[in-house]
Structure formats: C-alpha cells, structure tokens
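First up is the structure itself, then whatever we jot down about it.
The values are calculated or read from the model by the stated rules, or taken from the named source; none is laboratory data. Worth saying up front: this structure is predicted, and the values here are computed from it rather than measured. Methodologically, a virtual Cβ is constructed for each residue, glycine included, from the backbone with ideal geometry; neighbour enumeration extends over all protein chains shown.
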Amino acid sequence: MRVARVQVEAPVTSFRYPHFLIARQASFDMPPPSTIYGHVASALGELPPPAAFRFAYNFTFVARASDLEHQHVITAGGRSFDAAGRKRRTSVRARVQPHLRDFLFRPRLTLYLDPPDLAAAFRRPAFCVVLGRSQDLAEIVRVDEIELEQRTGAYLENTLLPFSFRASVGFGVTMLMPRYIEPPPERRAHFERYIVLHDRVFGGTVTSAEALGPRRILMRDGTDPVWWVDTSTPEYHGVYRGVVFHCCAE
C-alpha cells in the first residue's frame, strides 16, 4: 500500500479534554481523530469530506507538565459608571479566572495518510502549521511517499487503536475522544471510544514470543490478521512497527 508519511515536531502541544473548562484543563496523551482531521484540512486549505482519507500515526513526547493561564470570562451587562456626570451602564463585564493547563513537551508525530497524494498538501500547506491549539506552532520536518508492506507479524506502540482491539490487548487506556466535528455553524461533535497505547505489544508471528509474556501478545484467539508495517522502523523480535488506520467518518 502506498501512503504519505508526514513527520511533525513542535516545542509544546495540548489536546484539551473537551468537557473540562474550570480549574484545570487536562490534555489527552495523543491527538484525537478530530485533531488529525483539522491538521489535514489546514494543509489542504479546505474541509475535506470525513471519508476522503484514512490515517494512522505514531506519537511521542518527552514530558508532561502544567502551566498557569488566565481565562477572561466576559458576560453581558455590568455596573453603572459616571461619564461626564451622567450614569451609563457597561455593555459587558469581564473577570480573570486562573487555571492550570496541561501540555506535552517536545511532541513528535509520524502521520500516515491514505491516499498518498495528500503528501503534496503538506509540502506546501495552505495555512500555518499547528499541532493542537492555534498557538501551538509546529514544523513539518519531512514528507515522504512510502510503501507499506503486509506481514504476518507486527508490533504496535505509541499509537491510537480502535476500541475493537480492547479484548485483544492487555495494555492501553480506553478513552472517549472526538472523532469528527462538523463544520460551522452547528459544529456538532461526534465521539468514539479508542485505545491510547504507549507500551509495545506484538501481534501475529514473532520470534521468541514466549519471552514476551502473555500480556504483550495480541490476537491470541487464532484470528491474527495480516498487518500493514513500515519496514523503515526498528525491528524487534523479527517484526516491524504496524500501522493501524482510522477514518473520521462513521
């Protein structure tokens, strides 16, 4: 399978939990699918149909930290004030609300895209490259078109998996993430369950499988699929890193 491979780096990034606004704004450990959709749309300069492409990724960061930020909460109306001896009412009033925001330090994203012609958009992105919030400036460090190969074994790490893998993987955290956010003005969000996987796990035919332990082996029910792998990645136990695709459409 021929795909585009895009490598993106940034000083910091943050993927805010959408339902937390007060006191602390926590961050996902990995970009939700809706963020990837926005990243691709920014490079294209337009909103593509959510079924127009598939994506997979490997995502790492060096450390997690928190920073104190201020929210300026603005509401309608306010107390009267004197202006040249006349009472006037303010149209709005504002108050400053401090809160903690989690961020990820030195993130690195390796993004696989199908179809491969999306590589052209990332070589000349239409808008400023960001990863996460609009102020989280990022850099596209490399764009390739590569061939993924089918193998009977693979390893997975630092990636997002469909929730259908839940019964087969002993590592990873189940997360409810935004899959797709509709265009304005409605901007209705669609959510899906995923597995955020950091630990390395193996699927299919691997060497020295008995030394890995049962929790690190995927698909132990005899239904091992054929894996798409990136053969330019490091090799462990005779296999390369697998690539598991997602789509923002239902």
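Residues in segment 179-195 that are surrounded by 12 or more Cβ atoms within 10 Å (Cβ to Cβ) and either out of contact with any helix residue (DSSP H, G or I) (no Cβ under 8 Å at 6 or more places or on another chain) or not hydroxyl-bearing (Ser, Thr, Tyr) (or both): Arg179, Ile181, Glu182, Ala189, His190, Phe191, Glu192, Arg193, Ile195. With respect to (1) charged (D, E, K, R); (2) within 25 Å of the chain's Cα centre (by Cα); (3) more than 28 Å from Ala52 (Cβ to Cβ), the lone exception for Asp230 is condition (3). Considering segment 43-71, and only residues there that are among the small types (Gly, Ala, Ser) and either modelled with pLDDT under 95 or assigned to a strand (DSSP E or B) (or both), the residue that is nearest to the chain's Cα centre (by Cα) turns out to be Ala56. Of all residue pairs spaced 6 or more apart or on separate chains, those with beta-carbon atoms under 7 Å, a first member in segment 1-25 that is within 20 Å of Gln71 (Cα to Cα) and crowded, with 17+ Cβ neighbours inside 10 Å and a second member that is of a type in the set (Val, Ile, Thr) and at pLDDT 95 or above are Phe15/Thr35.
If you go through segment 116-129 and keep only what is more than 16 Å from Tyr57 (Cβ to Cβ) and not in a loop (DSSP other than H, G, I, E, B), you end up with Asp117, Ala120, Ala121, Arg123. Ser134 falls short on exactly one of the conditions (1) without any contact (Cβ under 8 Å) to a residue 24 or more places away in the chain; (2) hydroxyl-bearing (Ser, Thr, Tyr); (3) outside any loop (DSSP other than H, G, I, E, B), and that condition is (3).
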